[in-house]
Each structure stands twice: as structure tokens, then as C-alpha cells.
Amino acid sequence: MFDKMRDAVKNSILVKILMGALIVSFGVFGIGDFLGTGSLDPNIALKVGEREVNVIEFQRDYDRRYATFKQQVAGQLPDSEMLRRSVMDSMVQEMTRTSLMENAAQDLGVVVSDDQLRTFIREFDRFKDTTGTFSQIEFNAFLTQEGFTESQFLDLLRADIRRASILRPVAMGGYGPGFLTDSLFTYRNEGRSADTLLVATKALVTADKPTDADLKTIYDQSAASFMNPEYRKLSILQLKAAELVKPESFSEEEVKTYYDSNPTRFQKPEVRSVSQLVFDSKEEADKIRALAAPGDTLAALAAKANLGAPIDLGEHARDTIVGKSMGPAYDLPVNEISQPIQSDLGGHLFTSTAATAGQTTPFEEAKTDIRKILSEDRGLDVVFKASTDVQDGLAAGTPVNEIAANLGITAIQIESVDQSGRDPKGADVQGLIDRNNLLTAAFSLPANGDSGLKDLPDRDGYYVVKVEGITAAAPKPLEEVRGQLVAIWQRDKAMAEARKLADTLAAEVGASTALSSLETKDGKVTYGFIGPITRAGRPVDTLHMVDTGRLSAQMLDKLFTAKPGEVFTAEATEGIVIVRLKDTVTPQPVGPLAVARNQLNAELRNAVTNDMMEQMGADFSKRYPVEVNQVIVDQMVKTAR
């Protein structure tokens, strides 16, 4: 039973964390239509069945998710109500899915024992070392990386496995109907081959020249293709702690005072090289510990008990997870074996194989870092006051240059920039702090509008951008694009001639006509055999090349509706192509196509499974009513960040 549950959890929340992905829940429930506002207690944000999420927990989870999301997009999206709403909707959906499954698991009496949990952790690859055995180092590193205590992680994993045991029967029940798989397989992989004649536009050079009226007509019809983008003149003000309070502005006395007042900040703690033996229980550890003779090391004890070598946990200070788990054993003399220690993972025997005494960084070495610390600490207060002055100045209509001068800093002036960050000459504009967010904000503002204070990418200050002027997008002058207009006229002229010639030739082609005999020596008409190719224009045999100049969406559509021997014309990449369908190849699921059919069947099976999951989610939502405190949700979403 547990093996099946372990398989089921492979796509669950915590395993996705283990694999380095985002924390997501089972993402196929269609619960959106079942959310209601209800008449909830104002202290409750979400209620699913009998399970409630209070406002404090809800707010904390939302803050964490929004901060994580902003970090992941690396400042590419500015804060907005639409963005906050998106994160909120995702969180409510996930919380609801999780609560629905918890309700179902509780009603069904699903229980995950400590032994099952321990077995799962010991067998999970993420927690194994290079020898393929469970590694406490890897496990502790994961806990540290994800910010979990051991008990928090075990509680989350237990709940995850419990929910997965509900999902697995549904997930295993999906399958792809054979007739549907066969039909789609044939549709996707059917091959067709054809004889073709290409009337190439590049060979139809015309001596005619377009008149000014011809070019004016094309220009008027295609004006949107010849636009200069909108440009904006910007003023940018940056409030950064390190610039408002220079590190070198602090005296030697101030630096020394900080050093003397914060001794622990410049001390490296004692670290110990720790090894351990792990057992399924404390009782088993007691039995092995009893075999130790005075002076035995942990390695000697392991050899005496015919166990594997102790696990090297590396160097750890007292306040690390390993140091804390050792308790008083951390202070034992080097190589002395601890008494058995119990944890959720079993029994442990620890030892320190080496110890490195703590060290203090000398004042002369610490001075540079202290100046930076003081600059940042004092700078935060200065930045806060400056931000208030900036907001007041902008509200009063004070020019950005004047505000900057009052603060003793220089504003950045951007004379002309488009939304992609280029100037009218096409060069990248320098000085665009937080480039993507700044440009997005600047091009969403009216003339003389400002963005308000925005966080700098490193969260070490603020910036504000003001739109000083707007140059509207406008068509480029005709003379500036004359060369492009001439090229369009020549292309259209050549295409018309190619179409006329192709229609004439197509009328002469019969079922037995050798198309190769219609080639012309001047290269205007060339023969080519195509195929077999699929509807996507790819060769059935991947070793064959396809002349893509004879293909187009129009040509492929006609090819796969034609009958053998049928002749048609179509626009192609390099001109007009005359096509006569030769034969059709029905795909067989052998070799690479066998793999393709299996993949298609898996796609269908997943689609059917997702449909079943959606139905189960809908049923659970009816069985365990979902209520959302929309007032709380709206308040959180409308609060700018």
C-alpha cells in the first residue's frame, strides 16, 4: 500500500520542491465555479467544509507567495492590482484544492504512519548521497534551503502523501481510447507526396518602375507598417542608501564604536566535524552503544558491530540544524561517542572528529565592512526621509531636477526613449534603472505623470520616473521608406506575373503529364518532387530534406484535401507553386512512429485524467462547500506593494 502511495506523491507539492520547482498543488481541479462568498466570520478568510483558514494565516501566506513571485520574475513586472489579483486567485485555488483533499482524506480515515514516512524519506533520491544511501547532510541542506524545521517538513509531507492517496485511484483510471488515438495518430502522421512546379518570383525581374502614385497607394495602404514609435522624455530620481550616506563619511571613532558594541558580529563560532550512525530506533542505537569500550571511536564501534562506516556530516556550528540536534553531545571531547539521541528519523549516535576554535576578525580587517553596514543602516533612515520629501515635492509640482538638488543628488535625464528602451537612432538608452519595470511604468503614465516611489531591484532604495513629454507615434515620411515601397511594388508585380504564368501551365497539366518537362532554362519554372510530408510540412523520413520554398500553409491545406492526380496552384514562400498529388502514405506505428503513437496515447490519457480530476474537484466542492471572504480578499489585493 505504501509503495503505491509513494508513487502517487511523486507529483505532489513537496516533491516538486525537492525537484527545485515552485510550490504547487495538484493543479487540475476545476473549482473556480464553486467559490462563493457566504456569510463568514470576519476573522475567517476561507472555509472549505469544516476546515477554516483565519485571516492572519491567510495574510501571511499571501505575503509570502507575492514576495516569492516578485523575486522569481526578477522585477520584470511592476506591482499592480491585476498582478496582485492573479497571485491571490492562484493561492485561493490552491488552498481550496488542498482543503478539499484534506476533507476527503479525513472522511475516508486515511492515515500515514511514522514508519511509512521514515521509509519514504530514506528512499527518496533527493536525500541520498553519491553512494545511493540516505544522507543526513542532504536532508539537513534541504531543510535549510527551504526554511523548514524537521517537524514542519514531516507534517507537510504526511499531509501530502495522505492527499496523494486520494488522487492516485483517479489518476490511474484515465486512459486514451484506442480509436481516438488511432484517428489522431493517422491525422498527424499521414504523409503525402507530390510533383511540383515552382514559378519563382525572384526570376521574374521586371524593367518597369513604379510611379509616385503607385508608391503613394502602397504607402497609404501600409502606413501602419512604417511607423516611428512613441517616444517619451523622462526624468528619473534614485534614492539609494549608499549614495545618500557615503561609507567614507563615517569617522574612525564611529567605526570603532560600532566594532566594540557588536563583538559577536565579528566572531566566527567554533565548528566541529560531525559524524553519525543512524538506526531505525533509539533502542537499536542503545544496543550498539553498549558495545563501545572506553576510548573507542565511532568508526571503531561501527567496525565492531559490522556496520557501515559512520556518515560524515561535515562541519557544523552549534546553532546549525545538526548542532542543535546533537544537544549536549556537541560539547563532548573529540572522538567521544554520544549517548543515543532520538529524532523523527530514528536513533542517532554522534561524534566530533575535529574541532576548530572560534575566531575574531581584527578591527583593521573589519573596518571596510563596518563602513558599509553603517552606511546602509543610517541610509535607511535618510532614504525614508528623502522619500517623504520626494513625494511631497512631486505632489506640489516641484520639478524633478529641483527635488534632486534639494537632496544633494543628480536626477537622470532621458531625452527620448521608446518602449523598447531605444533612442530615435536605434541605440540602447543608458541610465534606465530597473529597465523593464521603469519602461512599463513610464509608458503607462500620462504627460507630466509620475510613477510614485518604486523599489530598486536590490531593495536598497527607491526610484521615481516622471514623464516630461510625449512624442506620439507617427508614420515615417514616404521618402524615408521609398526603398521599401519600391521593393513591395516589385514583389507584388512579380507575384502577379507568377500567378498568371502558373495558371496557364496548370491548365496544361494532365494526370500523365511529366511536370519535369515543363521546366524552363531561364529558371522561371523549376521542377521538384516533394514528400512524403506531413500536414505540418515535415518529412515523414527525417533523413530527407524538404524544399520549404515550395511550401506554405495554403499549399499544405490544399495538398491534404486533394485526391490523387488532382492539380492545384497555391502561393508558396518563393512564388506560385503548381502541385499534382501523387500518393498518400498511411502511417504505421513502427520504429519512431511507435514512440509517437505511445506519446499521443499518453497525452490523451492525461487529458482524460485531467477531466476526471476536474469532475472530482467539482463533486468535492459540492460535498464540502467553499466560502471565500471576498471583503478580505479585495482589501489585500487593493493594497499596493
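Take Thr542 and tell me if it is within 20 Å of Arg499 (Cβ to Cβ), out of contact with any strand residue (DSSP E or B) (no Cβ under 9 Å at 6 or more places or on another chain) and open to solvent by 60 Å² or more (accessible area, probe 1.4 Å). No.
The residues on offer are Ala496, Ala507, and the sole one that is farther than 26 Å from Asp220 by Cβ, open to solvent by 50 Å² or more (accessible area, probe 1.4 Å) and not in a loop (DSSP other than H, G, I, E, B) is Ala507. Any chance segment 541-562 includes a residue that's aromatic (Phe, Trp, Tyr), touching a residue at least 40 places away in the same chain (Cβ under 8 Å) and touching a Gly at 6+ places or on another chain (Cβ under 6 Å)? For segment 541-562, residues aromatic (Phe, Trp, Tyr), touching a residue at least 40 places away in the same chain (Cβ under 8 Å) and touching a Gly at 6+ places or on another chain (Cβ under 6 Å): absent. Of all residue pairs spaced 6 or more apart or on separate chains, those with beta-carbon atoms under 6 Å, a first member in segment 331-350 that is at pLDDT below 95 and a second member that is open to solvent by 70 Å² or more (accessible area, probe 1.4 Å) and part of a loop (DSSP other than H, G, I, E, B) are Gly346/Asp280. When segment 101-116 is limited to residues that are polar (S, T, N, Q) and closer than 17 Å to Leu167 by Cα, the one that is surrounded by the fewest Cβ atoms within 10 Å (Cβ to Cβ) turns out to be Gln106. Candidates are the residues of segment 403-429 that are modelled with pLDDT under 90 and polar (S, T, N, Q); the one that is nearest to Phe443 (Cα to Cα) is Thr410. Out of segment 448-482, which residues are open to solvent by 60 Å² or more (accessible area, probe 1.4 Å) and either outside any loop (DSSP other than H, G, I, E, B) or under 16 Å from Gln413 (Cβ atoms) (or both)? Once the filter is applied, which keeps residues that are open to solvent by 60 Å² or more (accessible area, probe 1.4 Å) and either outside any loop (DSSP other than H, G, I, E, B) or under 16 Å from Gln413 (Cβ atoms) (or both), segment 448-482 yields Asn448, Asp455, Tyr462, Glu468, Ile470, Thr471, Pro475, Glu479, Glu480, Arg482. For the criterion of being closer than 26 Å to Ser273 by Cβ, part of a helix (DSSP H, G or I), touching a helix residue (DSSP H, G or I) at 6+ places or on another chain (Cβ under 6 Å) and not charged (D, E, K, R), Phe139 passes.
Consider segment 40-98 and keep the residues that are out of contact with any strand residue (DSSP E or B) (no Cβ under 7 Å at 6 or more places or on another chain) and of a type in the set (Val, Ile, Thr). The one that is modelled with the lowest pLDDT is Val73. If you check Asn606, Asn610 for being modelled with pLDDT under 90, within 30 Å of Thr542 (Cβ to Cβ) and not aliphatic (A, V, I, L, M), only one passes: Asn606. What pairs can you find where one residue is in segment 303-316 and more than 21 Å from Glu270 (Cα to Cα), the other is surrounded by 15 or more Cβ atoms within 10 Å (Cβ to Cβ) and charged (D, E, K, R), and their Cβ atoms are less than 8 Å apart, with a gap of 6+ or different chains? Between residues of segment 303-316 that are more than 21 Å from Glu270 (Cα to Cα) and residues that are surrounded by 15 or more Cβ atoms within 10 Å (Cβ to Cβ) and charged (D, E, K, R), the close pairs are Lys304/Asp296.
To keep it simple, each residue is scored yes or no on (1) of a type in the set (S, T, N, Q); (2) in contact (Cβ under 8 Å) with a residue 40 or more places away in the chain; (3) over 25 Å from Ile121 (Cα atoms).
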{"site": "Val255", "(1), (2), (3)": "no, yes, yes"}
{"site": "Thr264", "(1), (2), (3)": "yes, no, yes"}
{"site": "Val271", "(1), (2), (3)": "no, yes, yes"}
{"site": "Gln276", "(1), (2), (3)": "yes, yes, no"}
{"site": "Asp280", "(1), (2), (3)": "no, yes, no"}
{"site": "Glu283", "(1), (2), (3)": "no, yes, no"}
{"site": "Ile288", "(1), (2), (3)": "no, yes, no"}
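A search for C-beta distances below 8 Å between a residue of segment 563-587 that is free of Cβ contacts under 8 Å to residues at least 40 places away in the same chain and any residue that is of a type in the set (Lys, Arg), counting only pairs 6+ apart in sequence or on different chains, returns Pro564/Lys582; Glu566/Arg580; Ala570/Lys558; Thr573/Arg550. Return yes when Leu581 is buried (at least 20 other Cβ atoms within 10 Å of the Cβ) and more than 17 Å from Ala507 (Cα to Cα) and no when it is not. The answer is no for Leu581. Kindly check whether there is at least one residue in segment 621-631 that is open to solvent by 70 Å² or more (accessible area, probe 1.4 Å), of a type in the set (Val, Ile, Thr) and not in a helix (DSSP H, G or I). Looking for residues that are open to solvent by 70 Å² or more (accessible area, probe 1.4 Å), of a type in the set (Val, Ile, Thr) and not in a helix (DSSP H, G or I), one finds none in segment 621-631, hence no. If I go through segment 442-462 residue by residue, how many of them are in contact with an Asp or Glu (Cβ under 9 Å, 6 or more places away or on another chain) and at pLDDT 90 or above? Here the count works out to 3.
Filtering Thr119, Thr98, Thr130 for residues that are farther than 30 Å from Asn598 by Cα, open to solvent by 60 Å² or more (accessible area, probe 1.4 Å) and among the β-branched types (Val, Ile, Thr) leaves a single hit, Thr130.
Please specify each residue of segment 161-199 satisfying the condition of being of a type in the set (Ser, Thr, Tyr) and in contact (Cβ under 8 Å) with a residue 12 or more places away in the chain.
Result: Ser165, Tyr175, Thr181, Thr186, Tyr187, Ser193, Thr196.
Look at segment 99-124: where a residue is of a type outside the set (A, V, I, L, M) and a partner is open to solvent by less than 40 Å² (accessible area, probe 1.4 Å) and assigned to a helix (DSSP H, G or I), sitting 6+ places away or on another chain with Cβ atoms under 6 Å, you get Gln116/Phe2. Filtered by the rule that a residue be closer than 20 Å to Lys521 by Cα and surrounded by 14 or more Cβ atoms within 10 Å (Cβ to Cβ), segment 191-222 gives Asp195, Thr196, Leu197, Leu198, Val199, Ala200, Thr201, Ala203, Leu204. With respect to being free of Cβ contacts under 8 Å to residues at least 40 places away in the same chain, within 29 Å of the chain's Cα centre (by Cα) and crowded, with 16+ Cβ neighbours inside 10 Å, Leu445 fits the description. Just one of (1) surrounded by fewer than 19 Cβ atoms within 10 Å (Cβ to Cβ); (2) closer than 28 Å to Ala498 by Cβ fails for Thr569. It is (1).
Name every residue in segment 423-442 that is open to solvent by 50 Å² or more (accessible area, probe 1.4 Å), touching a residue at least 40 places away in the same chain (Cβ under 8 Å) and either of a type outside the set (Ser, Thr, Tyr) or not in a helix (DSSP H, G or I) (or both), in order of residue number. Listed by number, the residues that qualify are Pro424, Asn436.
A quick yes/no check of all residues on (1) closer than 20 Å to Ala194 by Cα; (2) open to solvent by 80 Å² or more (accessible area, probe 1.4 Å); (3) part of a helix (DSSP H, G or I):
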site: Ile488; (1), (2), (3): no, no, yes
site: Thr513; (1), (2), (3): yes, no, no
site: Lys521; (1), (2), (3): no, yes, no
site: Ala536; (1), (2), (3): yes, no, no
site: Val546; (1), (2), (3): yes, no, no
site: Gly549; (1), (2), (3): yes, no, yes
site: Leu556; (1), (2), (3): yes, no, yes
site: Pro564; (1), (2), (3): yes, yes, no
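Going by the conditions given, is Arg168 at pLDDT 85 or above and either over 30 Å from Leu515 (Cα atoms) or in a helix (DSSP H, G or I) (or both)? For Arg168, the condition - at pLDDT 85 or above and either over 30 Å from Leu515 (Cα atoms) or in a helix (DSSP H, G or I) (or both) - is not met.
The values are calculated or read from the model by the stated rules, or taken from the named source; none is laboratory data. Everything numeric here is computed off the predicted structure, so don't read it as measured data. As a convention, Cβ positions derive from the backbone with ideal geometry for all residues, glycine included, and neighbour counts pool all protein chains shown. These area figures cover heavy atoms from the full protein model, side chains too; ligands, DNA and RNA do not enter into them. Shrake-Rupley method; radii C 1.70, N 1.55, O 1.52, S 1.80 Å.
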